[in-house]
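The structure under discussion appears below in the form of structure tokens.
The values are calculated or read from the model by the stated rules, or taken from the named source; none is laboratory data. It should be emphasised that the depicted structure is a prediction, and the values quoted were computed from it without experimental measurement. Glycine also receives a Cβ, built like all others from the backbone with ideal geometry; neighbour counts cover every protein chain displayed.
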Amino acid sequence: MLIAHVALAVPLPKLFDYLIPEVLANQITVGTRIKVPFGQRYDIGIVVNIDTTTEFDINKLKAVSEVIDHTSLFPDKLWQLLLWAVDYYHYPIGEVLFHALPVLLRQGKPARFSSTTQWQLSAKGKLFNDDDLSRWPRQRQLFKLLQQNTDDDLIQAASFSRSIYQKLQERQLIEQVELPYYPKSWQAETACNDSPLSLNDEQQQVIAVIQPLLTQFNVCLLDGVTGSGKTEVYLHTLASILAKGQQALVFVPEIGLTPQTIARFKTRFNAPIDILHSGLNDKERLQVYLRSKNGENAIVIGTRSALFTPFKQLGLIIVDEEHDTSYKQQEGWRYHARDLAIVRAKLDNIPIILGSATPSLESLYNAKIGKYHHLTLTKRAGNAAFAEQSIIDIKGLPLKSGLSLPLIQRIKTHLDCQQQVLLFLNRRGFAPVLICHDCGWIAECPRCDRPFTYHQQQQKLNCHHCDTPRSIPPQCPKCGSTHLQAIGFGTEQVEQQLKQLFPDIPISRIDRDSTAKKGALSDYLTQINQGQAHILVGTQILAKGHHFPNVTLVGIIDVDGALFASDFRATERFAQLYIQVAGRAGREQKSGEVILQTHHPEHPLLKVLLEQGYPTFATQALIERQATLLPPFSYQIVIRAADKNNQAAPKFLAHVSDWLKQYSDDASLWIFGPATANQPKRAGYYRWQLLLQHPNRRKFQSIIKELCLAMTQWSEMHTIRWSIDVDPIEM
Ligand code: ADP
Ligand code: ZN
Ligand code: ZN
């Protein structure tokens, strides 16, 4: 009797066994979806294994009830990648496999293109003279288009209403026919259009190094300053991959932010490019998935989850802005798309390029020890020069919503020359605190014990930790006073201040609030790129890969918080953010200027960054990490737990810690905690964590595997919220 070992989309780290009825025996293979009875209902499962053994009583096993796919949904190497990830991230197999599928496939929809229907002339229609339709011009127009076998897209573009079709159908002049789906192919020979730019010397050298590395697995770290022409290097490399008829996968941190980059891709290639962005509906997502699987597209550009796209013949992976933290999923299955992309490239034996102006310390370290090929671009492409950088010491200076007088003057100078100014502040809303002036009461989120942020425009309070909205109290709930005051400032307040200072200048505020509406961001970008004097105020959204040709002044309003954060990665984050934001200045002919306001102009981090730049910062930071044995010189895993009574979570983690002590004898496994999380309470849950560190990844992994196995027997596992975060990037 054959038995299928099946993954179900449930949070349990195990497979479920089902009998395979004789009639289905030669239809079921590994990697296909089937329907199985589960509890009171039927559920969709993915077959992981087929053999004749089971640990359960074979007489009690239920049978597979239906087969959905006839071949595996997962190309071989993608399947291996997912199984590898299940092990590495210690995450339930069913959840990993289902996560990797488009929503419609998770729901059991067929994994193929549905046939489409098309209108055509009926037998009667073919003999019909369109003059007889002269009284109904729209009907006549549609009839003529169909008569001439006009291209579908053109007919679509003319947007005839349904009723026009219906009327012609009632006259029995047209009819609908089913068309089977024909995959469309593209031509490798003509896939690439000529480049409008000739490569500069550095770009040529980099391409010369990359070319011979393209035939097999190689990791290239393209370490190029902002505006050095990394995108141009990607395009050249992609051209040679496409010329071989292979496909490519390109990761970007956020699609909405890179319309110019995407436009560059689309004009360069004469082959289908699919963009996986959040605006796609489930059906469109499935279509991209299927096109890639069939080899119908040449390039897929997407964010983190594009990792799971199957390809017919993947030839190259590119991860742009490889340092970006959005590549790490921060809830549920906490995978790192860059890291898994490297594993994928290795399994597929294809090259992968990681690009950044501010590479992560992990990648720089791997380049240093020779695991990655380190390619550098040190000059700005074209004629752009580097921006002039300076600091304004704001100690004791009067500030208007965070803006000092010297900064305001520089803003004015740049605007007077019809140039644009970008002001960066990583805090949205009007003010981070609302306080009672008479008794000191603070409006605090009861679920997080943190102050609400005051949003003036929407006239409400919002918790930036759990996203709970509140209306603004008319008076202090403690003393009844109506003197409620906003303390501190966010982007909304800076925007308001600027409107007063520069009433004639258009101002765009770009943060999560102002760009929540679909299309809002691209409207802003269009406005900004028209090039008159303009001020942009925004959060880190602005730092991500934009090209604002007319911005000549970048002002960084407040960095002091970031200089003194407790997380050891905070300095790396800050350095990356600073360099990226500064890199928005003077990207074309006009030279740029970066001004940073701080109370701590002597801070060593600022000195290194401003005087010596990112590479020196990174070298020093790596030396520090080595001295303190922090990643990448060791590996970390965080086990988190949360509860509502502040008892079960620390108790559970203490249990974990006790269990692990059997492995900490040789002093290689370090256990820190249990301790409260950086943010000890969120959305009503008290949060605790146990930080583990080990110098040997393999040994570490096997210990955690043992732990996970042991934990399945613990009774408290089912009553507590807990998670494992492998290679955490946030504490
Ligand atoms: P990066 O991706 O490194 O930030 P880009 O590839 O976007 O840099 O290039 C920055 C700017 O320089 C763009 O406007 C681009 O068109 C231009 N550029 C890139 N390479 C060249 C080149 N070889 N000659 C002239 N201009 C170039
Ligand atoms: Zn009060
Ligand atoms: Zn909250």
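Scanning region 415-473 for residues that are within 30 Å of LEU525 (Cβ to Cβ), charged (D, E, K, R) and within 14 Å of ligand 3 (Cβ to nearest atom) returns LYS460, ASP467. For region 284-295, the criterion of being touching a residue at least 24 places away in the same chain (Cβ under 8 Å), in a loop (DSSP other than H, G, I, E, B), of a type in the set (Ser, Thr, Tyr) and in contact with a Phe, Trp or Tyr (Cβ under 7 Å, 6 or more places away or on another chain) is satisfied by no residue at all. All of (1) more than 31 Å from the chain's Cα centre (by Cα); (2) over 30 Å from LYS644 (Cα atoms) hold for CYS436 with one exception: (2). Of all the listed residues (GLY592, GLY538, GLY531, GLY586), the sole one being within 20 Å of LEU422 (Cα to Cα) and surrounded by fewer than 16 Cβ atoms within 10 Å (Cβ to Cβ) is GLY531. Among residues of region 225-248 that are assigned by TED's automatic domain parsing to the domain that holds LYS266 and within 8 Å of ligand 1 (Cβ to nearest atom), those with a beta-carbon under 9 Å from a residue that is among the acidic types (Asp, Glu) and assigned to a loop (DSSP other than H, G, I, E, B) at least six positions away or on a different chain give the pairs GLY227/GLU588.
Of the residues screened, VAL608 is not one that is crowded, with 16+ Cβ neighbours inside 10 Å, modelled with pLDDT of 90 or more and not in a helix (DSSP H, G or I).
Yes/no matrix, rows are residues, columns are (1) closer than 27 Å to SER356 by Cβ; (2) out of contact with any Phe, Trp or Tyr (no Cβ under 7 Å at 6 or more places or on another chain); (3) not hydroxyl-bearing (Ser, Thr, Tyr):
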residue: PRO506; (1), (2), (3): no, yes, yes
residue: ILE510; (1), (2), (3): yes, no, yes
residue: TYR524; (1), (2), (3): yes, yes, no
residue: GLY531; (1), (2), (3): no, yes, yes
residue: GLN540; (1), (2), (3): yes, yes, yes
residue: PHE548; (1), (2), (3): yes, yes, yes
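Where strands (runs of 3 or more DSSP E) fall wholly inside region 1-114, the ranges with 3 or more residues that are touching a residue at least 60 places away in the same chain (Cβ under 8 Å) and surrounded by 17 or more Cβ atoms within 10 Å (Cβ to Cβ) are 3-8. For region 216-233, filtered to residues that are of a type in the set (S, T, N, Q) and modelled with pLDDT under 95, the residue that is farthest from ligand 3 (Cβ to nearest atom) is SER228.
Any residue at all in region 504-526 that's at pLDDT below 95, more than 16 Å from ligand 2 (Cβ to nearest atom), more than 32 Å from the chain's Cα centre (by Cα) and surrounded by fewer than 13 Cβ atoms within 10 Å (Cβ to Cβ)? Checking region 504-526: at least one residue is at pLDDT below 95, more than 16 Å from ligand 2 (Cβ to nearest atom), more than 32 Å from the chain's Cα centre (by Cα) and surrounded by fewer than 13 Cβ atoms within 10 Å (Cβ to Cβ).
Per the listing ILE671, ILE637, the residue uniquely in contact (Cβ under 8 Å) with a residue 60 or more places away in the chain, away from ligand 3 (no atom under 16 Å from the Cβ), over 25 Å from ARG447 (Cβ atoms) and not acidic (Asp, Glu) is ILE637. TYR365 fulfils the conditions (1) surrounded by fewer than 23 Cβ atoms within 10 Å (Cβ to Cβ); (2) away from ligand 1 (no atom under 16 Å from the Cβ); (3) closer than 27 Å to LEU242 by Cα except for a single criterion, (3).
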